[in-house]
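Below you'll find the structure, written out as structure tokens, and then a few comments.
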Amino acid sequence: MQSEVMFAGFGGQGILMCGKVLAHAALEEGHEVVWIPSYGPEMRGGTAYCLVMISDKPIGSPVVRNPSHLVAMNRPSLEKFASVVKSAGIVLINSSLISIDAGRTDVDVIKVPVTSIAKELGSVRAANIVALGAFVARSKIVGFDTLRHCVHEEFVNKNNFLSLNLNALEEGKKAVEMPAEK
């Protein structure tokens, strides 16, 4: 079975990092993986997105018109990509920055105030890891322990950010374990 996860937002939100860590976790679990980053020439502030394809079989093509899931970190990304997510997929919305709904009833819409949670933890820069933790906890696309291990490996040499990001991962998980936001 193959799943595709699109992470989208603006440059500087750690969109590509989310995809990279998820791809690493999927590799650790023995899956076939493709990670395709994309960003505008502006980088910081411009549109950024990436696609992670995870499969139990070799991946024939990296071209995906309709991803299985979307993690939208800003409103333009939700507006652009929500309509192309496959039915029964997950659309995670950063409700700190996005006040609208996905406009879909055939997908699992999760609203998590990831930016606010990251601020409470001490740095808005951890919002991407909050979102990643929430998405993986809901989708179970990879094991949460595997994801935790990969976040640890990503930040182990960045002592100032290791505990922040591990805490962000856990807070993301907690956010989706609580009753869903309406």
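Say we join alpha carbon atoms closer than 10 Å with springs in a Gaussian network model of the chain; which of N74, N128, N157 then has the biggest fluctuation?
In the Gaussian network model the winner is N157.
Could you tell me the relative contact order of the stretch 1-112? Use alpha-carbon pairs under 8 Å, at least six residues apart, and round to a whole percent. Before the final figure, lay out each step's value.
On the way: 253 pairs, mean separation 29.9, N = 112.
Computed value for the stretch 1-112: 27 percent relative contact order.
Between I59 and K119, what length comes free when the chain is fully extended (0.36 nm per residue of separation minus the Cα-Cα distance, one decimal in nm)?
Computed gain between I59 and K119 is 17.8 nm.
For N159, project a label point 7 Å along Cα to C-beta. Then give me every residue of the stretch 109-124 with its amide nitrogen under 15 Å of that point.
none
What nm value, rounded to one decimal, do you get for the distance between T146 and L27 when each label is placed 7 Å out toward the C-beta?
Going from the T146 label point to the L27 one covers 1.3 nm.
Which of the lysines could a cross-linker bridge to K20, judged by Cα under 29 Å and excluding same-chain residues fewer than eight apart?
Correct list for K20: K57, K80, K86, K111, K119, K140, K158, K173, K174.
Using a 10 angstrom cutoff on alpha carbons, build the Gaussian network for the chain and name the most mobile of S95, S68, S123.
Its mean-square fluctuation being the largest, the pick is S123.
Considering only DSSP beta bridges where both residues belong to the stretch 1-119, give the percentage that are antiparallel (nearest 5).
Details: 17 of 30 bridges.
Of those bridges, close to 55 percent are antiparallel.
Go through G60, S96, F135 and say which Cα lies farthest out towards the positive end of the charge dipole of the stretch 59-182; charges sit on Cβ, +1 for Lys and Arg, -1 for Asp and Glu.
G60
Could you tell me which residue out of S163, S116, L147 lies farthest along the dipole of the chain toward its positive end? Charges go on the beta carbon: Lys and Arg +1, Asp and Glu -1, centred on the Cα centre.
S116
Quick one: 3J(HN,Hα) in Hz for the stretch 26-31, Karplus 6.51/-1.76/1.60 with θ = phi - 60°, rounded, Gly and Pro as x.
3J(HN,Hα) across the stretch 26-31, in whole Hz: 5, 4, 4, 8, x, 7.
For T146, T105, T115, which order do you get if you count the other beta carbons within 10 Å of each Cβ and list the fewest first?
Exposure proxy ranking, most exposed first: T105, T146, T115.
Each reported figure results from applying straightforward, stated rules to the coordinates on display, with no laboratory input. Owing to the predicted nature of the structure, the values given are computational and were not obtained by experimental measurement. Glycine also receives a Cβ, built like all others from the backbone with ideal geometry; neighbour counts cover every protein chain displayed.
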